[in-house]
Amino acid sequence: MQHASNLIDPFGRRVDYLRVSVTDRCDFRCVYCMSSDMTFLPHGDLLTLEELDRLCGAFIRRGVRRIRISGGEPLVRRGIMALFRSLKTYLDDGSLDEVTLTTNGSQLTRYADELAACGVRRINVSLDSLDADKFKAITRTGSLDKVLAGIDAAVRAGLKVKINAVALRDVNEFELGDMLAWAHGRGFDMTLIETMPLGEIDGDRLTQYLPLTEARAQLARRFTLDETNYRTGGPARYVTVRETGGRLGFITPMTHNFCESCNRVRVTCTGTVYMCLGQEDKVDLRAPLRASEGDDLLDAAILKAIAHKPRGHDFVIDRTGIPSVKGRHMNTTGG
């Protein structure tokens with residue numbers, strides 16, 4: 001069943017990609033994402049799984065073709081597979097092209113087979129180091145062995161894996177080449193991401209921040225990086241690594257924004273839709289969801305959100321000034 005999209009923003013961009021955070025909770029405490037002593041939202045503030053399903057359905061009816069489930073860590077949400085099973089019905093009837101997942105990998109040994117059975121074909125795994133001690137330091141609570149076992153389980157289940165790594169100065173800066181060789185050796189694409197100023201953390205983002213222009217220059221001393229027009233529909237810009245034949249993506253919100261082709265909005269686990277990751281403009285969808293069993297109010301709120309989608313973000317990290325830190329953490333907004 002095909003649905004014509006009427007989600008066109010003020011700049012003529014068709015919004016057909018929805019990223020949905022299903023929880024703010026995570027079993028890791030990554031240093032660039034959270035403080036060590038996080039306060040999570042009360043459970044009553046979160047949309048129920050039924051509400052998340054209804055919300056996704058409303059966006060699908062308006063022409064969204066791809067949905068990415070994120071968190072926090074989405075697979076720690078109790079009963080989360082019920083949402084994936086429901087979304088499978090939209091895949092089966094042709095209303096939806098793709099359901100994907102961003103995960104830290106910690107729960108994949110448990111869920112990989114079921115995800116594949118629900119029609120998930122590819123996942124992004126956030127992995128910032130292959131050194132066990134360094135991985136522990138970055139995540140504070142994570143186990144590298146558990147994540148690698150989860151990745152193996154995903155491969156056995158037939159899921160296509162892409163590795164996402166946040167580039168961190170003086171942390172994994174000089175490990176990125178080895179990580180790239182490992183990922184491509186497993187047949188995984190890899191994407192590097194600049195750290196983004198979302199939420200207060202314990203450390204100083206200016207000391208963490210590694211421009212991907214520097215990371216790319218370092219990798220180019222070891223690998224031949226050929227430009228390509230390959231796109232996945234997300235913000236990454238890809239090169240092909242001649243020596244491995246694999247792809248390497250760069251997500252550069254700080255050094256080179258990717259707003260001109262933005263086709264997505266994000267919904268938080270509390271039902272707030274952010275039309276831009278780097279702006280504070282938002283529309284509440286929880287209230288209209290809970291105000292009526294019908295979807296008229298919800299549909300009106302969605303259309304209002306799209307009508308206010310901005311041209312681009314205003315992330316700033318300036319070594320001569322103060323980082324422009326958004327008040328919300330990434331685990332709440334959704335990766």
(request) Using only the alpha carbon atoms of region 1-152, find the Kirkwood hydrodynamic radius as the inverse mean reciprocal pair distance, in angstroms to one decimal. (result) 16.6
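Counting only heavy atoms of the protein chains, get the accessible area per residue of region 5-47 (1.4 Å probe) and round it to a whole Å² value. Numbers along the way, then the final one.
Numbers: 1770 Å² over 43 residues.
In whole numbers, region 5-47 has 41 Å² accessible per residue.
Arrange the peptides 218-229, 22-33, 111-122 so that the one whose residues have, on average, the most other Cβ atoms within 10 Å appears first.
Highest mean packing first, the order is 22-33, 111-122, 218-229.
Suppose R0 equals 35 Å; then what is the FRET efficiency for residue 155 and residue 131 from their Cβ-Cβ distance, rounded to the nearest 0.05? The partial results should precede the final answer.
Values: r = 21 Å, r/R0 = 0.61.
Step by step, r from the Cβ atoms, then E = 0.95.
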(request) Using a 1.4 angstrom probe on heavy atoms only, work out the carbon and sulfur share of the accessible area of region 1-125 in %. (result) 49
(request) Would you list which lysines come within 18 Å of residue 160, measuring only between C-alpha atoms, while excluding same-chain residues fewer than 8 positions from it? (result) 88
(message) For residue 282, give me every one of the lysines with a C-alpha distance below 23 angstrom, ignoring sequence neighbours fewer than eight places off in its own chain.
(response) 304, 309, 326
(request) Can you check what the net charge comes to around residue 130, using other residues whose Cβ is under 10 Å from the Cβ of residue 130 (Lys, Arg +1; Asp, Glu -1)? (result) -3
(request) Using a 10 Å cut-off on Cβ atoms, rank the peptides 131-137, 244-250 from the highest mean neighbour count down. (result) 244-250, 131-137
(request) Sorted from largest down, give the three principal axis spans of the alpha carbons of region 71-189, whole angstrom values. (result) 48, 28, 23
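How big, in percent, is the set of alpha carbon pairs in region 140-188 lying more than 19 Å apart?
Numbers: 387 of 1176 pairs.
The calculated P(r) of region 140-188 puts 33 percent of pairs beyond 19 Å.
Quick one: length gained pulling residue 110 to residue 291 fully straight, 0.36 nm per residue minus the C-alpha distance?
Length difference between fully extended and current span is 61.5 nm.
The values are calculated or read from the model by the stated rules, or taken from the named source; none is laboratory data. Keep in mind that this is a model prediction, so the values were computed, not measured. Neighbour counts run over all protein chains shown; Cβ positions are idealised from the backbone, glycine included. Heads up: the accessible areas ignore ligands, DNA and RNA and are worked out on the full protein's heavy atoms, side chains in. Shrake-Rupley method; radii C 1.70, N 1.55, O 1.52, S 1.80 Å.
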